[in-house]
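Before any comments, here is the structure.
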Amino acid sequence: MEEQIHLGIHPYPELIHGSYRYFYEGEKHVTRTCDYHVLLFILEGNLFFNEDGKEVSLNPGDWYIQKAGLFQEGLRPCPSPQYYYIHFNAQILHESSLTLSNRGTFNPTNLIPLFDELEYYQNRLLWDTLGKQALFLNILNELIQYRHEESLKAYPFIEDMVAYIHDNYMNPISLDDMAQTHHFSKDYIIRRMKKIIGFTPIQYLTHVRIKHAKILLENSNQTIEEIAESVGYKDLSVFYKAFTKKESLSPGKWRKTRRNHI
């Protein structure tokens, strides 16, 4: 079963260094424990290593995230793999809007030009920190978009669920309503949405409601009670609790903070 990794997006994941790597015949993976994460993209051959006592085998077209703090060692020779690696820093959270599995497959046609461009930036444009960072975030975005596209092909009802939430967030909908509308059990919907988009249905509904509430808090003179009702909360106390949990500020304090920065 794939392990999911929730990366904090404030601050964004930060590129340290990336480059192509080629093993000589019979070379083993290095023994190490890194204080940063390593994102691997296998281009040719196979890469074998043990991580935290578990064997990992990667094939051409696979990507994998070696998490910071885990012990890695090569116990057997690798058949001359060629890959691109990226060292990066990022917070690992229990929940985030930037969710990756710890491994997956990628489209080389889309990513190799980004690798080559990142190589150019690192070798010729050392001062362009923002350019290198933007390329790294584009690479992460390619992984997320590719994963979502492949997942939605296998489970197209998830796309319908997302559209349903966006169309009805202002109404008092529940998980029972979603299950009945889409003809799946509640447990199945929860498991599949969590795996594919990183949110359960109710978490995603809350995310959408709070997003729209923030727009109204910042850009309108509606009262907090009016805003709560317009984004689907009939109980003001439930809105306060949900908003404060997500933003670490009450709606009123959040509005005041944002308007003081305008």
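The values are calculated or read from the model by the stated rules, or taken from the named source; none is laboratory data. The structure displayed is predicted, hence computed values, not measured ones. FYI the Cβ positions are ideal-geometry reconstructions off the backbone, even for glycines, and counts take in every protein chain you see. These accessible areas exclude ligands, DNA and RNA; they are computed on the full protein's heavy atoms, side chains included. Shrake-Rupley method; radii C 1.70, N 1.55, O 1.52, S 1.80 Å.
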In segment 173-198, how many residues are free of Cβ contacts under 8 Å to residues at least 40 places away in the same chain, open to solvent by less than 50 Å² (accessible area, probe 1.4 Å) and either over 18 Å from the mean Cα position of the chain (by Cα) or farther than 14 Å from TYR155 by Cβ (or both)? 6
Is there any pair linking a residue in segment 141-160 that is within 12 Å of LYS195 (Cβ to Cβ) and open to solvent by less than 30 Å² (accessible area, probe 1.4 Å) to one that is among the aliphatic types (A, V, I, L, M) and modelled with pLDDT under 80, with Cβ under 7 Å and at least six apart or on different chains, and which? SER151/ILE196; ILE158/LEU152; ILE158/ILE196; ILE158/ILE197
When every residue in segment 19-34 that is farther than 26 Å from LEU111 by Cα and assigned to a strand (DSSP E or B) is compared, the one least open to solvent (accessible area, probe 1.4 Å) is ARG32
If PRO201 satisfies all but one of (1) surrounded by 14 or more Cβ atoms within 10 Å (Cβ to Cβ); (2) more than 30 Å from ASN107 (Cβ to Cβ); (3) touching a residue at least 12 places away in the same chain (Cβ under 8 Å), what's the number of the condition it fails? (2)
Filtered residues of segment 108-133 (kept if open to solvent by 50 Å² or more (accessible area, probe 1.4 Å) and either of a type in the set (S, T, N, Q) or closer than 17 Å to PRO13 by Cβ (or both)): THR109, ASN110, ASN123, THR129, LEU130
Determine if segment 245-253 includes at least one residue that is open to solvent by 60 Å² or more (accessible area, probe 1.4 Å) and touching a Leu at 6+ places or on another chain (Cβ under 8 Å). no
Any residue in segment 47-73 that's closer than 16 Å to LEU100 by Cβ and in contact (Cβ under 8 Å) with a residue 40 or more places away in the chain: show its pairings with residues that are in a loop (DSSP other than H, G, I, E, B) and of a type in the set (Phe, Trp, Tyr) at Cβ separation under 8 Å, as long as the two are six or more apart or on different chains. ASP62/PHE106; TRP63/PHE106
